[in-house]
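Below is one structure; the comments refer to it alone.
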Amino acid sequence: MSGQQIIGFEGVGRSFVHRDRELVATRDITVSIHEGEIVTIVGPSGCGKTTMLNLVAGLMAPSRGTVTYRGERVAALNGRTGYMTQSDHLLPWRDVASNIAVPLEIRGVPKAERQRRVEALMDLVGLAHFETSYPAALSGGMRKRTALARLLAYDPETLLLDEPFAALDAQLRLRMQTELVRLSRRLNKTVLFVTHDLDEAVALGDRCLVFSPRPGTIVRDVTIPLPRDRDMVALRQDPEYRRLCGELWEQVAPALDATASEFPEPLPS
Amino acid sequence: MKLFLGRALLIVAVLVVWDVSARTVTDEFFISRPELVAVKFLELVTSGRLFYHGWITVLETVAGFLTGAAAGILVGLLLGRNEGLARLVDPLLTAVNSLPKVALAPLFIMWFGIDLGMKIILTATIVFFLVFANTYNGVRSVDVQLLEILRLMGARERDLIAKVIVPSALQWVFAGLQLSVPYALIGAVIGEIMAANRGLGFLLQDAAGQLDTGGVFAALFAIVLLALLLQAVVRGTERWLTPWKVDGERREAAA
């Protein structure tokens, strides 16, 4: 456990109405996330992993229980969080530099300062010399880097990442994972990271929350006893890492065996 | 190059069939002949009548096009971002839209007389609905998740409109504009045919009134040229305003 509690869930449940029928997506979630932690979230689809991120971001309100952020109830959009999903959501009509500048423009940062910060961010995520490319001309990895730089541009304390690397090939994913851990540690971000990939959940997380099938709730809260600064490539050979992955597989397997949900997981809207 | 040759051959073939049939199966009086049309057209050019009347039609079309497009974009944005309002006015808009807009011409003549204003308003009405429908659908199809992500960054409604809604609606707006060019000409030319003493529509009607088939074809040819010109202007403007699309196309072409 690193710093103080930053996110708190107290008996949180969320239901949706679907075809006049109440559908319980998640129930009885009680968990506490600490500052600077990287927490990965796994579970079968439709179990409410994305719902959990949406609740922290204030994109939806809980049906039961309370969600708190730094001790205060999340009532409106939580501007101290930043969201990134599988789709990078770049603006196709803006080049890389001006995509990264979007949050700075919104916050009214003066132009000179904006340019300086965009340049620093591009260096940080390894995008130097791509400033005038449009997203359509970029590879998947470069687009992710741009989205990450944009996310970091307004310096949210907490990063809500919903399978951000799911669409990347294995090699690229490894590189982006490395970058993510490096940056989160260096900037002391708190990270909630939803994934389908158990190996990724172990490789990235200080902790891993395992969800049950719907109605989803946290059935395991696994602490991952690997060092905070990890070498993603070397990790693949680490016996401790492999043991942890195997253990997690065993815990999640019963949940994954359960039939996949009949309804898709709702998007944050 | 092959395509270009094929197209040239096709046009020549049409002209030959036209010429031959005018001399044999049909009558020159009804369908004229390519040569006579060319002569008439040259006459129009050298006498300056083409430019005088063409200019009037351009004026009406462009003014109507701009007013209609501006109103269509504005209303499309407004209703696209305001679902309650959109539901409220939907039956009214659908009712007016189901009307062939040309049927409004007699009413507009009564209201605005037979001068340029009436053609501009008729054109604007036609263009408005096309651009409105496209803009509205463009605004509605903006990715909700993207908007949420920007809201978390602190974006207010005006940020969303300026940074996301307008640029992403732009491609639908241009689809609407492209579609509108021939319809804009319908407004102007029909208006002129019905009541006017100037414009390409008048030229057309005047030639028909004198049973001058060659003159009719020459006027039609002038209208086609004008339509192509306007289309090129819209396409050029689109390319200029949406450079990222060209970038993507180039990449595909290179791949």
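The values are calculated or read from the model by the stated rules, or taken from the named source; none is laboratory data. None of the values given here were measured: they were computed from a predicted structure. No Cβ is skipped: glycine too gets one built from the backbone with ideal geometry, and neighbour counts run over all protein chains shown. To get the accessible areas, we keep the full protein, side chains included, count just its heavy atoms, and leave off ligands, DNA and RNA. Shrake-Rupley method; radii C 1.70, N 1.55, O 1.52, S 1.80 Å.
Here are a few things to note about the model shown:
- Cα-Cα over 27 Å, subset of A:K111/B:K163; A:K49/B:K163; B:K119/B:K163; B:K2/B:K40; A:K49/A:K111: A:K49/B:K163; B:K119/B:K163; B:K2/B:K40; A:K49/A:K111
- Mean partner shielding of peptide A:144-153, defined as the number of other chain Cβ atoms within 10 Å of each residue Cβ, is 1.
- Mean Cβ neighbour count within 10 Å, used as a protection proxy, ranking A:154-162, B:120-128 highest first: B:120-128, A:154-162
- √(5λ) per eigenvalue of the Cα gyration tensor, the protein assembly as shown, largest first, Å: 62, 26, 21
- Computed packing ranks the peptides B:2-10, A:201-209 as A:201-209, B:2-10, most packed first, by mean other Cβ atoms within 10 Å.
- Pairing chains B and A buries close to 2300 square angstrom of accessible surface in total, based on protein heavy atoms and a 1.4 angstrom probe.
- Expressed to the nearest 5 percent, the antiparallel share of DSSP beta bridges inside the protein assembly as shown is 55 percent.
- For B:142-149, mean number of other protein chain Cβ atoms within 10 Å: 6
- The value of relative contact order for chain B, using C-alpha pairs under 8 Å at least six residues apart, is 25 percent.
- Per-residue shielding of B:162-172, expressed as the average number of other chain Cβ atoms within 10 Å of the residue Cβ, stands at 2.
- Signed unit charges on C-beta, dipole axis of the range B:34-238, positive-most listed residue B:L225, B:V173, B:A195: B:V173
- Using the Stokes-Einstein relation with a Kirkwood hydrodynamic radius computed over Cα pairs, the translational diffusion coefficient of the range A:87-155 at 25 °C and a viscosity of 0.890 mPa s comes to 212 µm²/s.
- Protection proxy ranking, peptides A:163-172, A:18-27, B:212-221, average beta carbon neighbours within 10 Å, highest first: B:212-221, A:163-172, A:18-27
- Computed from Cα atoms alone, the Kirkwood hydrodynamic radius reported for chain B is 21.0 Å.
- Whole-number Å³ per residue for the convex hull built on Cα positions in chain A: 136
- Seen from B:G187, the other residues with C-beta closer than 9 Å to its C-beta sum to a net charge of +1, counting Lys and Arg as +1 and Asp and Glu as -1.
- Helix-derived mean residue ellipticity, 222 nm - over the protein assembly as shown, DSSP H n ≥ 4, -39500 (n - 2.57), to 500: -19000 deg cm²/dmol
- Share, in percent, of DSSP beta bridges within chain A that are antiparallel, nearest 5: 55
- Spacing of the modelled spin labels on B:W55 and A:A128, each 7 Å from Cα toward Cβ, amounts to 6.0 nm.
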